[in-house]
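Participant: Structure below; questions to follow.
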Amino acid sequence: MKIVLIAVGRTSTQYIADATSEFLKRVNRYAPMDIVIIPDLKSTRGITEEVQKQKEGAGIMASLQPGDHVCLLDERGIEMTSREFATMIDRRMNQGLKRLVFVIGGPYGFSQGVYSRADSKMSLSRMTFTHEMVRLFFVEQVYRAMTILRGEPYHHD
């Protein structure tokens, strides 16, 4: 199974991009994982939040494939411990999915079409983080999940 993270906008803070790349390399030792970037909209001054969500949503939807299990990283999603997250990934791997896709939306969230396509929603925290940091935190959690599943000493309860 391949794990895919779809995110709107590139990471412009170099140290966050470097750390995200490092954890992505670590994850790929266990399972294939890619990050797909949906380009930022160039000019958003003259458009509403809803139109921006629709345009970003079209890019997200174009990146999805039939059969993908889509999980939105959303503030209204369920919260999990690292062990629960590892169990969820393991369960999806055992189901024979080709792709487990996680999505980070734009600054205003997701379009209704993306919400309708989603199979689940999860929240990393009730706190608010920049989208760049969410990418880093999420990829680190995938790495942590892999080490938990392999019984390696990275995670401590």
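Participant: So, in region 22-36, how many residues would count as being in a helix (DSSP H, G or I) and exposed (fewer than 15 other Cβ atoms within 10 Å of the Cβ)?
Facilitator: Selection size over region 22-36: 2.
Participant: Tell me the strands (runs of 3 or more DSSP E) entirely within region 37-156 that contain at least 1 residues that are among the aromatic types (Phe, Trp, Tyr) and either in contact with a helix residue (DSSP H, G or I) (Cβ under 8 Å, 6 or more places away or on another chain) or open to solvent by less than 30 Å² (accessible area, probe 1.4 Å) (or both).
Facilitator: Qualifying strands (runs of 3 or more DSSP E): 99-104.
Participant: Just need a number here: residues in region 1-36 that are more than 24 Å from ARG144 (Cα to Cα) and in contact with a helix residue (DSSP H, G or I) (Cβ under 7 Å, 6 or more places away or on another chain).
Facilitator: 1
Participant: A further question follows. Consider only pairs whose beta carbons are under 9 Å apart and that are at least six residues apart or on different chains; among these, list those whose first residue lies in region 98-126 and is under 25 Å from THR81 (Cβ atoms) and in contact (Cβ under 8 Å) with a residue 24 or more places away in the chain and whose second residue is open to solvent by 80 Å² or more (accessible area, probe 1.4 Å) and of a type outside the set (D, E, K, R).
Facilitator: ARG99/GLN65; VAL101/GLN65; SER120/ILE78; LYS121/ILE78; MET122/ILE78; SER123/ILE78
Participant: Somewhere in region 106-120, is a residue among the polar types (S, T, N, Q), farther than 21 Å from LYS55 by Cα and at pLDDT 95 or above?
Facilitator: yes
Participant: Restricting attention to region 8-21, and to residues there that are of a type in the set (Gly, Ala, Ser) and outside any helix (DSSP H, G or I), which single residue is surrounded by the most Cβ atoms within 10 Å (Cβ to Cβ)?
Facilitator: Only one residue fits best here, namely GLY9.
Participant: Anything in region 124-150 that is out of contact with any strand residue (DSSP E or B) (no Cβ under 8 Å at 6 or more places or on another chain), farther than 13 Å from THR11 by Cβ and among the charged types (D, E, K, R)? List them, or say none.
Facilitator: Once the filter is applied, which keeps residues that are out of contact with any strand residue (DSSP E or B) (no Cβ under 8 Å at 6 or more places or on another chain), farther than 13 Å from THR11 by Cβ and among the charged types (D, E, K, R), region 124-150 yields GLU140, ARG144, ARG150.
The values are calculated or read from the model by the stated rules, or taken from the named source; none is laboratory data. It should be emphasised that the depicted structure is a prediction, and the values quoted were computed from it without experimental measurement. Note that we place each Cβ from the backbone using ideal geometry, even for glycine, and neighbour counts take in every protein chain shown. For accessibility, only protein heavy atoms count, side chains too; no ligands or nucleic acids. Shrake-Rupley method; radii C 1.70, N 1.55, O 1.52, S 1.80 Å.
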